[in-house]
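What follows is a short report on a single structure.
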Amino acid sequence: MKITFDRQHVLNATAPLMCATSGKSTLSATEGILIEAKHPDVCTMTTYDLEKGVRVSVEAKVVEEGTFIINAQKFVQTLRVMSEGEVTLTVNAQLSATMESGRFSHKMSALKGADFPDLPRLESERGFTLTEGTLRTMLGKTMHAMATDDQRRPILNGCFFDVKGDRLMLVACDSFRLAKCTTKAEIDNNNKDGSDLNFRFIVPIKTVNELVRLIGYGDEKVRIHMMRKHIIFYVGDIIFFSRLLEGDYIDFDRIIIRQHKIHVTVERDAFLSALERAALITEEKISGRMQSHVKLELEGDVLKVLAASAAGSTYDELEVEHDGGDILIAFNNKYLIDAVRACDANKLQISLSSPLTSINIEPGEGKEEDTEDLFMLLPVKMKE
């Protein structure tokens, strides 16, 4: 195989590829980029870590066709130190790869293309299209509540999607908090059999984290196609595919308390600022992880934000609108901050009943049209 390409163009293309290389696998091919040179003016580059993968097409002059695997880290590191302009990559029958540019030459080993793991079939007749902005906004509201490594209920280690007609709902839950966001959007039906849109699936957390790096908040379109066990995202010239989490998601509507006794309306920005000030002194290491607890005390139309640790203490008072009894309740402050940040409105509606039951945080005045967001959070045991 022998191809010539523009250094910067290929270097830009490798950025998304790196998210699907594996450094922990015993299969060395998953640490590499599969380079396929089968057409005169283009070659494809693919990475796949057995859970998720990326494929991009790049312009290249194909002098000699071939399919080989090059170690991804070494390929990118070499490109970075080469001069601007054309780069020639040659792989011989002895699996020796040479990268050349001007007077610079670098050799490394390659693998046969046949050693690359089998890819899922990247074709589907079922799917939908929506704007990157819609998807990015919805993920931004929910992804903080995904579990990261729940061994008992692995189904929580991802984001649940429910697509029906022009309605998109995303849900995430880690057993301590829940985010449920619904919106009406312009969703194009790509089902070739003419059936209505009706999809329910769970995207793994690692895939979600990489997806938000690939998409922006604009009006560019992202196509999403479904297979039985995989999902494909078409983002510009990038094909991003992933295994889906298998199983039924939790019955989240059953665990959301709707009938609360106490209702509070508070200015979002003022509340968020008070929580962020409290977080400055309350972070401490508990069970090997940094945690930050904060107390909320409601007395009449005043909400007190209290925090204390060995480093000191903070006290804030906020004016609120209040219906119901007074209460003192404590939370993991980081989780509370995540929920308040995700709730996009001028004012927040907070509903709660006791220091031992979950609270609901919902957007109030100034919320987005055609959206319904709810953030649920469990309290923590208060320290004496």
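Things worth noting here:
- Cα centroid separation - segment 156-192 against segment 12-72, whole Å: 31 Å
- When each full DSSP H helix of the chain is screened for a Cα extent of at least 30 Å along its own axis and an average Kyte-Doolittle hydropathy of at least -1.0, none passes.
- Label-point gap, in nm, between Arg80 and Asp188 - each point 7 angstrom along Cα→Cβ: 3.7 nm
- The relative contact order of the chain comes to 12 percent, based on Cα pairs under 8 Å that sit 6 or more residues apart.
- Percent of Cα pairs in segment 256-377 per distance bin of 10 Å, from zero to the largest separation: 13, 46, 32, 8, 0.
- When the alpha carbon coordinates of segment 2-115 are projected onto the principal axes, the ranges are 37, 27, 24 Å, largest first.
- Cut-off 11 Å, label 7 Å out along Cα→Cβ of Glu220, residues of segment 105-137 by amide N: 132-133
- For the chain: span of alpha carbons on each principal axis (Å, largest first): 79, 56, 37
- Ordering 245-256, 48-59, 3-14 by mean Cβ neighbour count within 10 Å, with the highest value first, yields 48-59, 3-14, 245-256.
- Here the calculated FRET efficiency for Glu299 and Arg258, from their Cβ-Cβ distance with R0 = 45 Å, stands at 0.95, rounded to the nearest 0.05.
- Applied to segment 153-158, the Karplus parametrisation 6.51 cos²θ - 1.76 cosθ + 1.60 on θ = phi - 60° returns per-residue 3J(HN,Hα) values of 10, x, 5, 7, 7, x Hz, with x for Gly and Pro.
- Set of segment 167-205 residues, backbone N closer than 19 Å to the point 7 Å along the Cα-Cβ line of Glu51: 172-175, 201-205
- Computed E for Leu119/Thr265 - FRET, C-beta separation, R0 51 angstrom, nearest 0.05: 0.45
- Nonlocal Lys pairs with alpha-carbon distance under 20 Å, segment 96-212 (8 or more apart, or different chains): 8
- Here is how the number arises for the chain: DSSP H runs of 4 or more residues each give -39500 (n - 2.57), the sum is divided by the residue count, and the result at 222 nm is -5500 deg cm²/dmol.
- Residues with amide H under 5 Å from that of Val380, placed H, sequence gap 5 or more: Ala330, Phe331, Asn332
- In order along segment 261-266, the Karplus-derived 3J(HN,Hα) couplings, from 6.51 cos²θ - 1.76 cosθ + 1.60 at θ = phi - 60°, round to 9, 10, 10, 10, 10, 9 Hz, and Gly and Pro are given as x.
- Fraction of C-alpha pairs exceeding 18 angstrom in segment 151-224: 50 percent, rounded to a whole number.
- For the options Phe331, Phe201, Phe160, a Gaussian network treatment of the chain with springs between C-alpha atoms closer than 10 Å singles out Phe331 as fluctuating the most.
- Multiplying the residue separation of Asp196 and Ala308 by 0.36 nm and removing their Cα-Cα distance gives an extension gain of 34.9 nm.
- Between Asn346 and Ser28, the FRET efficiency from the beta-carbon distance, with R0 = 35 Å, is close to 0.05.
- Given their separation in residues at 0.36 nm each and the Cα-Cα distance between them, Asn92 and Glu246 gain 51.2 nm when the chain is fully extended.
- Computed over segment 317-384, the P(r) tail beyond 13 angstrom holds 68 percent of alpha carbon pairs.
Throughout, read-outs are computed from the coordinates displayed, never taken from laboratory work. Keep in mind that this is a model prediction, so the values were computed, not measured. Positions of Cβ are backbone-derived with ideal geometry, glycine not excepted, and every protein chain shown enters the neighbour counts.
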